[in-house]
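**Student:** One structure follows; several queries about it will come next.
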Amino acid sequence: MSFSDSESSSHGGGGGDYKFFRQISRDRLLHEMLGSTKTGDSKAWKILIMDRVTVKVMSQSCKMADITDQGISLVEELFKRREPMPGMDAIYFIQPSKENIVMFLSDMSGREPLYRKAFIFFSSTIPKELVNHIKSDSSVLPRIGALREMNMEYFPIDNQGFLTDHEQALETLYAEDAENSRHFNICLNIMATRIATVFASLKELPFVRYRAAKSTASRDLVPSKLAAAIWDCISKYKSHSQLPPDRNM
């Protein structure tokens, strides 16, 4: 795979505009996400709620002091018991999974929601059926201040590198008879999603290159399958104008 032209894109055409990868991630989380909720009657202190994955995304780029500076008074975990605070707004930074949506709706539906208003930011693309699931609850809709895809589901480790947090990927993808395991496609798709969110953050449309398979053995086909899955995700971002148009080859 190739990060084609990523350096020139990061510089934005001038040395003064250069930002390290981790700084780009930090700015998006603090300003594009948390800072965007400071509107109208929502300038007061808020609660930030995250799941197991997004709390790692946040902690890899931001310090607690950074988060507090953006008006966050309390950070909570989605699936842990939380005290009702109906006088405060909440920011949800979560994965777009069915379990997370069910938990969010249980927080905000009915006559006594846990919080006054909710700003929801998803770490990757949310399936249409889950959006419809949210819309189907008429008691929740008036309480939603924002619903947006951040497309940030990677873990910066320094100024130029990141992880997808798959310590067992080699075993999962290359083990004997791996392709027949249900974990194979799950691992492949999650890795592709997380790699694609990197380019969404960089606003970079890459050339996706991979080693050509020398045989039809499942192990030789892993690079091409991963590349295809990444490009599928990137194409979806492009169709929603989250990435620039194709560059001339």
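**Student:** In this structure, does GLU129 turn out to be within 30 Å of GLY35 (Cα to Cα) and in contact with a Ser or Thr (Cβ under 8 Å, 6 or more places away or on another chain)? Steps first, answer last, please.
**Tutor:** Working: within 30 Å of GLY35 (Cα to Cα): yes; in contact with a Ser or Thr (Cβ under 8 Å, 6 or more places away or on another chain): no.
Answer is no for this residue.
**Student:** Output the number of residues of region 157-184 satisfying the condition of being of a type in the set (A, V, I, L, M) and farther than 19 Å from ALA229 by Cα.
**Tutor:** 2
Yes/no per residue for (1) outside the structural domain of LEU130 (by TED's automatic domain parsing); (2) surrounded by 18 or more Cβ atoms within 10 Å (Cβ to Cβ); (3) closer than 21 Å to LEU141 by Cβ:
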{"site": "ASP27", "(1), (2), (3)": "no, no, no"}
{"site": "LYS38", "(1), (2), (3)": "no, no, no"}
{"site": "ALA44", "(1), (2), (3)": "no, no, no"}
{"site": "SER61", "(1), (2), (3)": "no, yes, no"}
{"site": "GLY87", "(1), (2), (3)": "no, no, yes"}
{"site": "PHE93", "(1), (2), (3)": "no, yes, yes"}
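**Student:** Test ARG81 against the criterion of being out of contact with any strand residue (DSSP E or B) (no Cβ under 9 Å at 6 or more places or on another chain) and either modelled with pLDDT under 95 or farther than 21 Å from ALA200 by Cα (or both), and give yes or no.
**Tutor:** yes
**Student:** With (1) of a type in the set (A, V, I, L, M); (2) out of contact with any strand residue (DSSP E or B) (no Cβ under 9 Å at 6 or more places or on another chain); (3) closer than 19 Å to MET58 by Cβ as the list, and ALA178 as the residue in question, which single condition is left unmet?
**Tutor:** For ALA178, the exception is condition (3).
**Student:** Step by step: first the residues of region 204-232, then only those that are basic (Lys, Arg) and surrounded by 14 or more Cβ atoms within 10 Å (Cβ to Cβ), then the one that is nearest to GLN23 (Cα to Cα). Which residue is that? Give the steps one after another, and end with the answer.
**Tutor:** Just the residues of region 204-232 that are basic (Lys, Arg), to begin with: 209, 211, 214, 219, 225.
Retained after the next criterion (residues that are surrounded by 14 or more Cβ atoms within 10 Å (Cβ to Cβ)): 219, 225.
Details: ARG219: 36, LYS225: 31 Å.
Only one residue fits best here, namely LYS225.
**Student:** Mind checking whether some residue in region 180-201 is assigned by TED's automatic domain parsing to the domain that holds GLN60, charged (D, E, K, R) and surrounded by 18 or more Cβ atoms within 10 Å (Cβ to Cβ)? Even if it seems obvious, please write down each step before you answer.
**Tutor:** At the first step, the residues of region 180-201 found to be assigned by TED's automatic domain parsing to the domain that holds GLN60 are none.
Among the residues of region 180-201, not one is assigned by TED's automatic domain parsing to the domain that holds GLN60, charged (D, E, K, R) and surrounded by 18 or more Cβ atoms within 10 Å (Cβ to Cβ), which makes the answer no.
**Student:** Looking at ASP69 and the list (1) buried (at least 17 other Cβ atoms within 10 Å of the Cβ); (2) over 21 Å from the mean Cα position of the chain (by Cα); (3) closer than 29 Å to THR164 by Cα, which single condition is not satisfied?
**Tutor:** Here ASP69 clears every test but (1).
**Student:** Is it fair to say PHE93 is assigned to a strand (DSSP E or B) and aromatic (Phe, Trp, Tyr)?
**Tutor:** yes
**Student:** Further question: Inside region 159-179, can you point out the residues that are among the polar types (S, T, N, Q) and crowded, with 17+ Cβ neighbours inside 10 Å? Before the answer, list the steps.
**Tutor:** First, the residues of region 159-179 that are among the polar types (S, T, N, Q): 159-160, 164, 168, 172.
Across region 159-179, the qualifying residues are THR164, THR172.
**Student:** Shifting gears a bit: For region 116-126: of the residues being in a strand (DSSP E or B) and under 23 Å from the mean Cα position of the chain (by Cα), which is farthest from PRO86 (Cα to Cα)?
**Tutor:** Going residue by residue through region 116-126, those that are in a strand (DSSP E or B) are 116-122.
From what is left, the residues that are under 23 Å from the mean Cα position of the chain (by Cα) are 117-122.
On the way: LYS117: 8, ALA118: 11, PHE119: 14, ILE120: 17, PHE121: 20, PHE122: 23 Å.
The extreme case among them is PHE122.
The values are calculated or read from the model by the stated rules, or taken from the named source; none is laboratory data. Quick caveat, the model's predicted, so the values are computed rather than measured. Neighbour counts are summed over all protein chains in view; Cβ atoms, including those assigned to glycine, are modelled from backbone coordinates with ideal geometry.
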